[in-house]
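First up is the structure itself, then whatever we jot down about it.
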There are 2 protein chains.
Amino acid sequence: MSHVTLSVDQVRDLAARCLAGNGCDDANAAAVADTITRAEADGCASHGLFRLPGYVASLRSGKVNGAARPRVEAIAPAVLRVDGDGGYAPLAHERSREPIAAMARESGVAAVALVNTHHFAALWAEVEPLAEMGLVAMAMTAYKPAMAPFGAREPLFGTNPMAFGFPRGGGAPPMVFDQASAAMARGEVMIAARDGHDLPPGVGLDRDGKPSTDPNAVLEGVMLPFGGYKGSAIAMMVELLCAGLIGERFSFEAAQADNNDGGPPRGGEFILAMDPDRFGDASWHDHAETFFARYAALDGARLPGARRHAKRAKLARSGVRVPADLHDRIQALCAGPA
Amino acid sequence: MSHVTLSVDQVRDLAARCLAGNGCDDANAAAVADTITRAEADGCASHGLFRLPGYVASLRSGKVNGAARPRVEAIAPAVLRVDGDGGYAPLAHERSREPIAAMARESGVAAVALVNTHHFAALWAEVEPLAEMGLVAMAMTAYKPAMAPFGAREPLFGTNPMAFGFPRGGGAPPMVFDQASAAMARGEVMIAARDGHDLPPGVGLDRDGKPSTDPNAVLEGVMLPFGGYKGSAIAMMVELLCAGLIGERFSFEAAQADNNDGGPPRGGEFILAMDPDRFGDASWHDHAETFFARYAALDGARLPGARRHAKRAKLARSGVRVPADLHDRIQALCAGPA
């Protein structure tokens, strides 16, 4: 497969130009392009330029409002409601970041109900900036049904990712993890099918609802949550917080309402930000570092996010390799609908 | 094995008498006895009378303050600090429940830092009452190291349970799950060893740090988190919230400080309570019920907590079966230290 090498700035320009050519105003194009660029810059190609055709499809179909003006409102002393105005999540995140931090510093905690938005990005990119501001942060979002609850054979949960960030001392980047509730990403199952490898047990069921380690059978069947009934409970919690609590669509409702244009359905996101300076331990930073030091000293243990941060440093020098056919496709999309 | 059948009231009387005979004042004895009784009443024997000898040991060693007077203080508009005064967690929970609910109703969210306490109970018993008050609730606690982080071979995390509760409509008991971050409870590994069964892969390592499905080898080695690196991340999040954020001991610190008398070490608990009426969707109750209805309609899916609630109804009629040797041992402990 041939590749094109782009600098991080070139990724950003290409993404912004393509979005602007398909109905995004400048503010939305810049915010989405930044999210795409940060994914590419950290080596997360699956949330980078690869997503642009989906963004473009949902602009062209009219499902998503490319000129959205997100509104941020404190609806309780520690609850922020962010209405995405039918647009993509990145501008809503950009506009709500400072209000979230201010509320967390004032109240100790800020819970965010992000509604009326279309989410198509990685959650770490939303949690990391809050953790860089010194806050402990959690984020979750639901999607269209892809997984059966433990014990069942039909999809009800989205892949339902959850991210968590904790600030570090000494200039270290924050500890951030971001993980789907699925046992394995669908893309990994597709790669196993391509390469003729078996799956580990517990990844999915075939179309008759029987457990299978054959990737082709699982692709025709249904995925399962990670870790059996415990991961299933986490996936359910994500549904209840991102839909039940904040008043947005459950995964099954998102699927019913979506136009299947390849872009993200409408959905909600639940975010929690907490200011450790308001929790009563003035030495929390040093204390947490004793834990991180113990963790780092364990042979074989890898701190979540460490690999991503190492890639960031490398890719800033080397540039980002983009498959040539994707690059061609995006160039063609830049001209806008025919 | 011979058994004694006790009514739920008899369980409560026996537990309270045994605790009072070993240095608990009436308020603490009643609160701990209630926690033990609720576990027995729901068929959770492992958190019932089975724990009494451990409670008694920690009273006799002087590690735990049997006359603790928990103090509840709002240290930020949405943060409640509960100081357990060196006692057991149940009285601190009892005394903080109304203030937590009041803060969640006022601010939308209440984050609770429970410190200076000894936790030896099931988390569902703490989350369920908050959910019965109409709140969405989450709770986590750490313990002494029992699990290696994913990739490592030495213990750093406690079994680090996490519980979550969501209120139901129509008089149904709330949906509550409560799960350790370990792949399997240590007691289940012991039962597999006794019965000569292999473990599923991923439960633990032998003493050389090699993955093993031999329960005896894992009992000599170290347990692993559920679901590989994803459960490991959840276990780390529990450490960071219950120790790093709120200023209590990490699992490794709890082990260093504990006197190993068989009772619970000092530790912290992180609780989050949210009032869905403050999140902007007046019809959240009906909306959530559409999700629960979908879930219930899936063949093979079981709602977390449903089995426990069914047992509760059954045991209220039949009484609770207690192993005769445990019953004898508790009777002997009631007389207090020799």
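The values are calculated or read from the model by the stated rules, or taken from the named source; none is laboratory data. Because the structure is a prediction, the values reported are computed rather than measured. Don't worry about glycine lacking a Cβ; one is built from the backbone with ideal geometry, like all the others, and counts go over all protein chains shown. Just the protein is used for accessible areas: all its heavy atoms, side chains included, with ligands, DNA and RNA removed. Shrake-Rupley method; radii C 1.70, N 1.55, O 1.52, S 1.80 Å.
Taking every DSSP helix (H) stretch of at least 4 residues in chain A, weighting each as -39,500 (n - 2.57) and dividing the sum by the residue count yields a mean residue ellipticity at 222 nm of -12500 deg cm²/dmol.
May I have the count of lysine pairs in the protein assembly as shown with C-alpha atoms under 25 Å apart, counting pairs 8 or more residues apart or located on different chains? For the protein assembly as shown, the number of qualifying lysine pairs is 15. Think of the axis that spins chain B onto A; the B residue whose C-beta lies nearest it, and the distance in whole Å, is B:Gly227, 1.
Mean per-residue shielding of peptide B:163-171 is 2, counting Cβ atoms of other chains within 10 Å of each Cβ.
Using a cut-off of 14 Å between beta-carbons, work out the net charge of the residues near B:Asp258 (Lys and Arg +1, Asp and Glu -1, B:Asp258 not included). Residues close to B:Asp258 contribute a combined charge of +1. Measuring r between the beta carbons of B:Glu289 and A:Arg207 and using R0 = 25 Å, the FRET efficiency lands at 0.25.
Phi angles of segment A:124-131 translate, via the Karplus equation with coefficients 6.51, -1.76, 1.60 and θ = phi - 60°, into HN-Hα couplings of 4, 5, 9, 7, 4, x, 5, 5 Hz per residue; Gly and Pro are given as x. What you get for chain B, charging only the Cβ of Lys and Arg (+1) and of Asp and Glu (-1), is a dipole of about 380 debye around the Cα centre. Annotation for A:Glu289, label-to-label distances across the other copies: 5.4 nm (shortest first, one decimal, point 7 Å from Cα along Cα→Cβ).
Carbon-plus-sulfur accessible fraction, chain A (probe radius 1.4 Å, protein heavy atoms only): 51%. Each distinct pair of alpha carbons in segment B:217-270 adds a 1/r term; the inverse of their mean, the Kirkwood radius, is 12.5 Å. Compared with the direct C-alpha span, the chain from A:Ser7 to A:Arg317 gains 110.7 nm at full extension, assuming 0.36 nm per residue. Solvent-accessible area of B:Asp25, all protein chains in place: 40 Å² (probe radius 1.4 Å, heavy atoms, ligands and nucleic acids excluded). Counting Cβ atoms of other protein chains within 10 Å of each Cβ in A:231-244 and taking the mean gives 6.
Of the trypsin sites (Lys or Arg not before Pro) found in segment A:139-221, none is in coil by DSSP with at most 10 other Cβ atoms within 10 Å of its Cβ.
A Gaussian network model of chain B, with springs between Cα atoms under 10 Å, assigns the largest mean-square fluctuation among B:Arg17, B:Arg294, B:Arg71 to B:Arg294. Take the Cβ atoms of A:Leu298 and A:Ser61, set R0 to 45 Å, and the FRET efficiency comes out at 0.35.
Taking every Cα-Cα distance in segment A:30-153 and sorting them into 10 Å bins starting at zero, the pair-distance distribution P(r) comes out as 12, 40, 33, 14, 1 percent. On a per residue basis, the convex hull of the C-alpha atoms belonging to segment A:183-224 measures out at 49 Å³. Chain A and chain B together bury an accessible surface of about 6100 square angstrom, both sides counted, with a 1.4 Å probe and no ligands or nucleic acids included.
Report, for A:Asp195, each distance to the same residue's label point in the other copies, shortest first and in nm; define the point 7 Å along Cα→Cβ. From this label point to the equivalent ones elsewhere in the assembly: 3.7 nm. Size check on segment A:137-214: the Cα extents along the three principal axes, sorted descending, read 52, 29, 18 Å. When each copy gets a label point 7 Å from Cα toward the beta-carbon at A:Pro211, what are the spacings between them in nm, shortest first? When each copy's label point is compared with this one, the spacings are 1.5 nm.
The shape of chain B comes out rounded: with a ≥ b ≥ c from the C-alpha gyration tensor, a/c is under 1.5.
What does the charge count around B:Leu199 come to, taking other residues whose C-beta lies under 14 Å from its C-beta (Lys +1, Arg +1, Asp -1, Glu -1)?
-3
Charge dipole of segment B:79-195 (Cα centre as origin; +1 on each Lys and Arg Cβ, -1 on each Asp and Glu Cβ, all else neutral): 200 debye, rounded to the nearest 20.
Averaged over peptide A:146-152, the number of partner chain Cβ atoms lying within 10 Å of each residue's Cβ comes to 4.
Annotation: Cα Rg of the protein assembly as shown relative to the compact-globule expectation 2.2 N^0.38 Å equals 0.97.
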